[in-house]
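The values are calculated or read from the model by the stated rules, or taken from the named source; none is laboratory data. It should be emphasised that the depicted structure is a prediction, and the values quoted were computed from it without experimental measurement. Glycine also receives a Cβ, built like all others from the backbone with ideal geometry; neighbour counts cover every protein chain displayed.
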């Protein structure tokens with residue numbers, strides 16, 4: 001069911017397979033509709049029952065979408081017939097949680113060799129690596145060439161690829177959960193890397209004999225470019241400050257010394273002594289930004305000159321309107337919040353249609369997902385008439401979070417879940433946790449300062465606890481009290497003074 005702010009008459013038929021809802025010469029009965037200011041869009045299912053499609057690329061020679069599935073397959077969707085063919089299965093992909101076959105880029109010049117670039121994680125002798133590989137792309141990908149192999153980790157591996165307007169390969173790498181890589185200009189993690197098509201270093205890179213183009217990144221999940229050459233990324237923050245960045249050569253974007261905007265005394269001092277570049281948009285609470293596409297068509301005029309961002313935590317598409325010069329975000333609307341589930345990748349094709357894919361069968365499904373038919377590739381395109389009440393975009397909420405439940409939902413639930421049971425082997429349960437029900441000071445120090453320990457109640461987990469010291473004493477007391485009296489914990493409340501004494 002849709003959220004009540006939409007009509008209850010709107011029920012998306014994700015359980016339908018394509019053959020059950022197609023009607024010749026008209027939109028399928030399972031279509032939904034989106035109403036913008038002056039444009040009506042049809043939302044249709046183009047492919048379903050997929051295995052976590054991670055990246056979508058347009059094959060202009062075949063009018064097809066090539067997509068990666070995280071466990072290691074490359075597939076191609078014929079946009080005219082709906083047929084899906086498997087092009088490649090990579091045996092050396094190491095898939096676990098967020099690791100696997102990730103970003104792609106297709107290079108299709110006229111009268112020259114076409115290439116398919118892939119980024120994926122592998123494991124060798126218990127070490128994890130991120131690989132950038134180039135394939136010849138004719139009817140099938142062939143002749144793989146490893147262009148770069150860099151350290152990977154159990155998280156923070158990025159990664160997206162684009163071919164820039166000047167025919168260079170741009171690879172957005174994660175920091176591999178390292179405290180030092182992102183600020184080390186000699187390391188290739190936590191960077192935007194720039195390569196020639198053959199994997200060599202371009203002569204005009206900003207650092208001589210280096211692939212590094214820009215640095216200071218945590219875990220970029222989106223990468224796109226405007227027609228005039230501006231590069232944009234989306235990046236996961238830690239507990240706060242998810243980011244959209246406008247990328248320029250030799251700029252340092254701050255991580256891990258600075259997170260998001262320069263808005264603390266410590267961050268301002270660092271940026272004063274060593275120039276750092278702020279994002280053009282940041283979000284706290286975080287939204288978990290993923291795929292990013294530049295929309296430049298006039299087919300959907302309301303979206304022209306905008307960034308289209310998919311999100312995982314807020315389960316939405318964000319339409320981020322750019323200023324005339326492309327250096328600022330001057331407007332934001334949210335489409336499909338908490339409706340289709342986690343949305344991973346987005347693609348604007350030359351005719352102005354928009355394709356995007358869900359990620360509901362991945363390692364961290366949100367409440368109510370996956371549904372029958374997940375995962376799905378959807379299409380949005382203008383249409384003239386709706387036969388159902390259309391969905392409309394909403395504006396970002398600006399209300400202050402006041403009570404413990406609201407704060408928990410904003411900062412904790414995506415990891416520890418609505419029921420406090422966590423995610424097996426990734427995030428520990430809060431229900432019955434000795435950390436929660438034991439010493440008040442121990443719990444407060446964990447919330448305030450985070451924890452690098454990955455063992456809780458005798459069980460091992462993959463994710464460390466970030467610091468939430470940016471929250472006020474009252475907010476931390478509210479969250480701590482909420483988790484202590486819920487999830488069958490039956491522990492007592494915590495006062496503001498107790499938080500203050502642990503600062």
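Some points to look at:
- Under the condition of being over 21 Å from residue 182 (Cα atoms) and in a loop (DSSP other than H, G, I, E, B), the residues counted in region 274-295 number 3.
- Region 80-97, residues that are under 16 Å from residue 139 (Cα atoms) and part of a strand (DSSP E or B): 84, 85, 86, 87, 88, 89
- Check on residue 140, out of contact with any helix residue (DSSP H, G or I) (no Cβ under 6 Å at 6 or more places or on another chain) and in contact (Cβ under 8 Å) with a residue 60 or more places away in the chain: no
- Residues located in region 100-126, provided they are without any contact (Cβ under 8 Å) to a residue 12 or more places away in the chain and assigned to a strand (DSSP E or B): 124
Residues checked against (1) in a strand (DSSP E or B); (2) in contact with a strand residue (DSSP E or B) (Cβ under 8 Å, 6 or more places away or on another chain):
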| residue | (1), (2) |
| --- | --- |
| 309 | yes, yes |
| 319 | yes, yes |
| 341 | no, yes |
| 357 | yes, yes |
| 360 | no, no |
| 364 | no, yes |
| 372 | no, no |
| 375 | no, yes |
| 386 | no, yes |
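- Region 66-79, residues that are closer than 18 Å to residue 89 by Cβ and not in a loop (DSSP other than H, G, I, E, B): 66, 67, 68, 69, 73, 74, 75, 76, 77
- Applying the criterion of being closer than 25 Å to residue 122 by Cβ and touching a residue at least 40 places away in the same chain (Cβ under 8 Å) to the residues of region 76-93, the residue that is surrounded by the fewest Cβ atoms within 10 Å (Cβ to Cβ) is 87.
- Considering 239, 182, the condition of being more than 17 Å from the chain's Cα centre (by Cα), under 22 Å from residue 450 (Cβ atoms) and either crowded, with 18+ Cβ neighbours inside 10 Å or at pLDDT below 95 (or both) is satisfied by 182 alone.
- Condition broken by residue 487, with the remaining ones in (1) under 17 Å from residue 414 (Cβ atoms); (2) at pLDDT below 90 satisfied: (2)
- Test: residue in region 445-465 that is assigned to a loop (DSSP other than H, G, I, E, B), surrounded by 15 or more Cβ atoms within 10 Å (Cβ to Cβ), at pLDDT below 90 and out of contact with any strand residue (DSSP E or B) (no Cβ under 8 Å at 6 or more places or on another chain): yes
- Among the residues of region 206-213, some residue qualifies, meaning at least one is part of a strand (DSSP E or B), at pLDDT 95 or above and surrounded by fewer than 23 Cβ atoms within 10 Å (Cβ to Cβ).
- Residues satisfying the stated conditions in region 409-421, i.e. under 23 Å from the mean Cα position of the chain (by Cα) and buried (at least 21 other Cβ atoms within 10 Å of the Cβ): 411, 412, 414, 416
- Boolean, residue 221 is under 25 Å from residue 284 (Cβ atoms), assigned to a strand (DSSP E or B), at pLDDT 95 or above and touching a strand residue (DSSP E or B) at 6+ places or on another chain (Cβ under 9 Å): yes
- Counting only residues that are within 19 Å of residue 291 (Cα to Cα), outside any strand (DSSP E or B) and touching a residue at least 60 places away in the same chain (Cβ under 8 Å), region 166-180 holds 1 of them.
- Residue selected from region 388-408 under the condition at pLDDT 90 or above and in a loop (DSSP other than H, G, I, E, B), by the criterion surrounded by the most Cβ atoms within 10 Å (Cβ to Cβ): 393
- Of all residue pairs spaced 6 or more apart or on separate chains, those with beta-carbon atoms under 7 Å, a first member in region 430-446 that is in contact (Cβ under 8 Å) with a residue 24 or more places away in the chain and a second member that is exposed (fewer than 15 other Cβ atoms within 10 Å of the Cβ) are 431/488; 432/488; 433/457.
- Test: residue in region 327-345 that is under 21 Å from residue 63 (Cα atoms), modelled with pLDDT of 95 or more and in contact with a helix residue (DSSP H, G or I) (Cβ under 6 Å, 6 or more places away or on another chain): no
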